[in-house]
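Accompanying notes for the structure given below.
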Amino acid sequence: MKAPDYKDQVVFGVPLLLNMQRTGHPLPKGILQAMYFLRSHCLDQVGLFRKSGVKSRIQALREMNESCPDGVSYEGQSAFDVADMVKQYFRDLPEPLLTTKLCESFLHIYQFLPIDQQLPAVQSAILLLPDENREALQTLLFFLCDVVACVNENQMTPTNLAVCLAPSLFHLNTLRRESTTSRVSQRKYSLGKPDQRDLSENLAAAQGLSHMIAECTNLFLVPEQWVEQCQSLSITQDFQIECDDSPNNFDWYFNIKATLQGSLQNTLKEGKEKFKGWTSCSSVEHVEIMYKKVDDNHPLRVWKVSTEVDKTPEEILKHLLREHHLWEKDLVQSKVIENLDDETEIYHYTIRSEFSHPARDYTVLRTWQTDTQTGMCLLAATSVDVKEAPLIGVRANVITSQHLIEPIGATKSKLSHVCRIDTR
């Protein structure tokens, strides 16, 4: 069978993976803007997602998303029309949000497992989802949690929301109809008569979605026993160091600093060889993007981005070190925890995630230097564990991060950033 190419579709009916490849976001921008509109202006509407919208206006919203996906505005629109459109988006996906392969597993969790085993089971099932499905599910559930937070105004409890949305997310009737071959069963569906299995699956879907909404902050955490098992495997970062020494004893950092400097030298060597073996990507104007795969059992690639900046290397280095708030629009907070020497420190910062995902927390040891002969400035960082850094969001893991700042004129520099960061 020839696979569909979706060239004529932009939003509705487009697979999540294709949307992620096209936009870089877990959901189309227009759908994310719809959630933002509902969250900002409509959470007090009684029966949100339960009351139906007007078909003609919903169709106009769909056409607006298809014709102008990056410039959708919902100002002045009915909350029920927008909510109904969001519901239709998930119903029109080529396969359910929880995927055709795993839908039945999610249903079985809520049909057959004891209540006290459902949360760890769902956490495990979510880890089996493709990345794009898991991120889309997380975005939706955090939004629905915000709807429930205003239950006194909108009267939408997790159960009420689940009853309205579960059919769109699980595609139950569609899946059963496609898998049914007998004439008796086909006639049953055409007459709209559910059997006991239908009723059981619909109940499990509603109960499951209600539970996932209520537990959304815990749902995407990896169970602790899984983390302990992973620590015994070879998929670990190269430079992770726990800083359990007393505040007056900084001998531990010499090893990590030497490792970072060795890594910088390797990058400089690759630069002299014009990054042979790296794969070049399509890039924005005046920016070069490349990556390479590393054969060390870790799935993440190493990325490099380069551009030219009308500043001296010293000015750029200062900008990177001390003016974080000027170039990171989503910065929540930042502070230097410890100064280990004149050119080495432990730095803690938090980045706000888009679309209701948890914030990302970074604690890194970073070291920098300036080559007086060439004028080049270097900055390297990697994650460390310190007790003085309170966890605000999800702990991100900087396996390696290197900034190379080379002078190419009196007041111009080439800035390259080489990084390998696990933000999840």
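The values are calculated or read from the model by the stated rules, or taken from the named source; none is laboratory data. Because the structure is a prediction, the values reported are computed rather than measured. Neighbour counts run over all protein chains shown; Cβ positions are idealised from the backbone, glycine included.
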For this session: Looking for whichever is outside the structural domain of THR100 (by TED's automatic domain parsing), surrounded by fewer than 16 Cβ atoms within 10 Å (Cβ to Cβ), at pLDDT 70 or above and of a type outside the set (Asp, Glu) here; the options are GLN240, GLN265, GLN196. Which one fits?
Result: GLN265
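Across segment 394-412, what is the total count of residues that are part of a strand (DSSP E or B), farther than 22 Å from SER353 by Cα and either at pLDDT below 90 or charged (D, E, K, R) (or both)?
Residues of segment 394-412 that are part of a strand (DSSP E or B), as a first pass: 394-395, 397-407.
From what is left, the residues that are farther than 22 Å from SER353 by Cα are 402-407.
Cutting the leftovers down to either at pLDDT below 90 or charged (D, E, K, R) (or both) gives us 406.
The number of residues fulfilling the criteria is 1.
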Exercise. Within the bounds of segment 124-133, is there any residue that is out of contact with any Cys (no Cβ under 8 Å at 6 or more places or on another chain), assigned by TED's automatic domain parsing to the domain that holds LEU209, free of Cβ contacts under 8 Å to residues at least 40 places away in the same chain and not in a helix (DSSP H, G or I)?
Worked result: yes
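Determine which member of the set ARG366, ARG352 is touching a strand residue (DSSP E or B) at 6+ places or on another chain (Cβ under 8 Å) and modelled with pLDDT under 90.
Working: ARG366 fails: modelled with pLDDT under 90.
After ruling out the rest, the residue left standing is ARG352.
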Exercise. Only one residue in GLY53, GLY47 is over 27 Å from PRO15 (Cβ atoms) and more than 29 Å from the chain's Cα centre (by Cα). Which one?
Worked result: GLY47
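Listed residues GLU314, GLU345; which is more than 24 Å from the chain's Cα centre (by Cα) and surrounded by fewer than 18 Cβ atoms within 10 Å (Cβ to Cβ)?
Working: GLU345 fails: surrounded by fewer than 18 Cβ atoms within 10 Å (Cβ to Cβ).
Going through GLU314, GLU345 in turn, just one is more than 24 Å from the chain's Cα centre (by Cα) and surrounded by fewer than 18 Cβ atoms within 10 Å (Cβ to Cβ): GLU314.
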